[in-house]
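Written out below as C-alpha cells is the structure these notes cover.
Quick note: the coordinates plus some simple rules give every number you see, no bench work behind them. Here the structure is a predicted model, which is why all the values come from computation and not from measurement. In this analysis, Cβ positions are derived from the backbone assuming ideal geometry, glycine residues included, and neighbour counts consider all displayed protein chains.
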Amino acid sequence: MPLETIPCVGKIPVEIKTNTTTKNEFLTLECIKVKKVFDEFALRDCVEGIRFELKKCPCSGEIQPQLILRNCRITDVEIKDISTCHEKKLRFSGKVCCEVFGKDREGNIIRMRIVEMPCSDFLSIGPDGELCFSFNVRREYPDATKENFESLIHFLDEGRFELQGFMEAIIDEDNNEAVGQCLTTNLGAFLAVKFDAEVQLCIPVLGYCEIEEVIPVEDRFCERFEVDFDVPSFNPAQLDKPIRPY
C-alpha cells in the first residue's frame, strides 16, 4: 500500500508583517527526514509483596521510593490490523524488561534483582531478575481519517516502524527498609509505549537559522589565580604582602 507522494520543489510567496513594515518573502519547499509518532498509550500496574535481592546492604537500611530502571529492551513485539467494516483498530503486544537499581540515603546506586513476584496481570520477572511489563492493547481510531489510518497500515506492511517502551517504578515509601540484602515491599509501575516510523515530510521554510560561531576560550588557571583570588586571612595573621617564592 504505497503512500501518496508529492514533488517537493519550488517556492511559495508570503507577506510578512511586523509592527512597522510589510515585506514579501518566499518560503522554500524542503524535504526533511524525521521520526513521527503515530500513536502512544500508557499502562499501570501494582503488586504487593514483591521481593528483591540487593547486591549490597544499603546505608541506613532504606531504599528511596523512586527506583532507577536501566538497559530497558522491548521484545516479542507484534502489531496486527484487527479492523472491522465499521471500526479502525490495531492490536499492540509485547514486553518491556528493565534492570532495576535503587538509591540508598547516601546516594549509592545498588543493583536489585527480583526473586519473588506475586501474581500480576502485567508484571513479571526477567531471566536475570529484571522487572518486565507485558502489554496486549487494542487501540481504536474512530477520529482518524482514511488517509491517516492507511499511513499506519502502510508502515506495518513495510515493516518500517518502531515500538519504544519507557518504564518507571516506585516502591512503597512506608515499607522500603531492607533486612540485610533482602527487601520485601510493594511496587507500582508505569509503562508508556510509542509507535513511530521514519518519514519524509515536505515543509515550507523561510530560510536557514544562523549558526553562531563559538570561539573556544583558553582557560589559563595560573593567570586567573594571580588576578581573581585574594590572599586568605590566615590565623594567626601573617605578612601583609605575600612574597613570591624564588
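With K and R counted +1 and D and E -1, the other residues having a Cβ less than 13 Å from that of residue 125 yield a net charge of -2. Helix content alone sets the calculated 222 nm mean residue ellipticity of the chain: runs of n ≥ 4 DSSP H residues at -39500 (n - 2.57) each, divided across all residues, give -2500 deg cm²/dmol. Name the residues of segment 193-226 whose amide N is less than 15 Å from a point 7 angstrom out from the Cα of residue 11 along the C-beta direction? Output list for this probe position: 204-208. Projecting the Cα atoms of 166, 115, 141 onto the charge dipole of the chain (Cβ charges, centred on the Cα centre) puts 141 farthest toward the positive pole.
Rounded to the nearest whole Hz, the Karplus-based 3J(HN,Hα) values (6.51 cos²θ - 1.76 cosθ + 1.60, θ = phi - 60°) of segment 11-18 follow the sequence 9, 10, x, 9, 10, 9, 10, 10, with x at glycine and proline.
Only one of [x] 48, 42, 14; [y] 35, 22, 15; [z] 46, 19, 16 was calculated from the structure for semi-axes √(5λ) of the Cα gyration tensor in Å, and its label is [x].
Sequence-ordered 3J(HN,Hα) estimates for segment 79-95 from the Karplus curve with 6.51, -1.76 and 1.60 and θ = phi - 60° stand at 10, 10, 8, 10, 5, 10, 4, 10, 10, 9, 9, 10, 10, 10, 9, x, 8 Hz, glycine and proline given as x. Applying 0.36 nm per residue to the separation of residue 60 and residue 73 and subtracting their alpha-carbon distance, the gain on full extension is 1.5 nm. A Cβ-based charge dipole, computed about the Cα centre of segment 36-199 with Lys and Arg at +1 and Asp and Glu at -1, lands at about 260 debye. Per-residue 3J(HN,Hα) values for segment 211-216, derived from phi via the Karplus relation 6.51 cos²θ - 1.76 cosθ + 1.60 with θ = phi - 60°, read 9, 6, 7, 9, 8, x Hz in sequence order (x marks Gly and Pro).
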